[in-house]
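Data block below; observations after.
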Amino acid sequence: GLSLFSGQIDQQTPCRSSSVHQQYLLGLLDRLLNAGKTRQAASLQSNIPEALHLTAEQLHKRSLVVLFTDAFTNSATQTPSHSDTQEALFDALRHLRHNKHEVIIFHTYDFAHEVNLDYDSRPHLFIDLESGRQLKVQPEEVADNYRRQMTDLFGTLRQRAMQYRIDYVPVDIAQGFHQILLPFLLKRSKI
């Protein structure tokens, strides 16, 4: 099955294993990807914790929940601190685990730009696509502090996921999906 959400659950399909259903899901994702190219930034706001709580209640017991996320953004209705946002997310993940669902988080990011802050040596304007907030900064001036914070974030996410027996898979999108999914699936097949 497939659940897609922004400020609410936008699309939820039933769980089926037929090839017709798989083709339907791929077609749905393709249409959404093509439609997404024209969406406005304001419509990209999401509330991951709320969507996960709803999903936890709607799924059959002992489902496998695979979450692809760019690391737990603020909700659409408020802008809590980063730690509050993380806590709300992990509360929702605990809800899934309490309902006996297995959870895998694929934390998607662009290592060169979002982790290493690899930009030209000139001022850049960074725009948060969900909130619309803008920040003009010279990347090399903040790079060391930024990298340290990102290292801390990744460590915290990994530790919290382990605490709740959730598979946490950091994913550099520059690698392509074959390099990401194949090692993970091979690892899981050995378990």
Rounded tilt (10° steps) of 139-163 against the dominant C-alpha axis of the chain: 30 degrees
Accessible surface of Val169 - all protein chains present, 1.4 Å probe, nearest 10 Å²: 20 Å²
For Asp10, distant residues with modelled amide H under 5 Å away: Leu4, Phe5
Surface accessible to a 1.4 Å probe, per residue, for the residues of the chain, Å²: 65 Å²
Degrees separating the helix 19-36 axis from the principal Cα axis of the chain, which is the longest one: 30 degrees
Residue with peak Gaussian network fluctuation, the chain [Cα springs, cutoff 10 Å], from Thr85, Thr108, Thr13: Thr13
Förster radius 45 Å - calculated FRET efficiency between Val137 and Cys15 (Cβ-Cβ, nearest 0.05): 0.50
Carbon + sulfur, % of accessible area of the chain - ligands and nucleic acids excluded, 1.4 Å: 53 percent
FRET E, pair Lys190, Arg122, Förster distance 45 Å, beta-carbon r, rounded to 0.05: 0.45
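Can you give the calculated 222 nm mean residue ellipticity of the chain, where each DSSP H run of n ≥ 4 adds -39,500 (n - 2.57) and the sum is split over every residue, rounded to the nearest 500 deg cm²/dmol?
That comes out to -15000 deg cm²/dmol.
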Stokes-Einstein translational diffusion, the chain - Kirkwood Rh over all Cα pairs, 1.306 mPa s, 10 °C, in µm²/s: 86 µm²/s
Largest-first ordering by accessible area, 1.4 Å probe, given options Phe184, Phe126: Phe126, Phe184
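The values are calculated or read from the model by the stated rules, or taken from the named source; none is laboratory data. It should be emphasised that the depicted structure is a prediction, and the values quoted were computed from it without experimental measurement. Every residue, glycine among them, receives a Cβ derived from its backbone with ideal geometry; neighbour counts consider all protein chains shown. Accessible surface areas use protein heavy atoms only, side chains included; no ligands, DNA or RNA. Shrake-Rupley method; radii C 1.70, N 1.55, O 1.52, S 1.80 Å.
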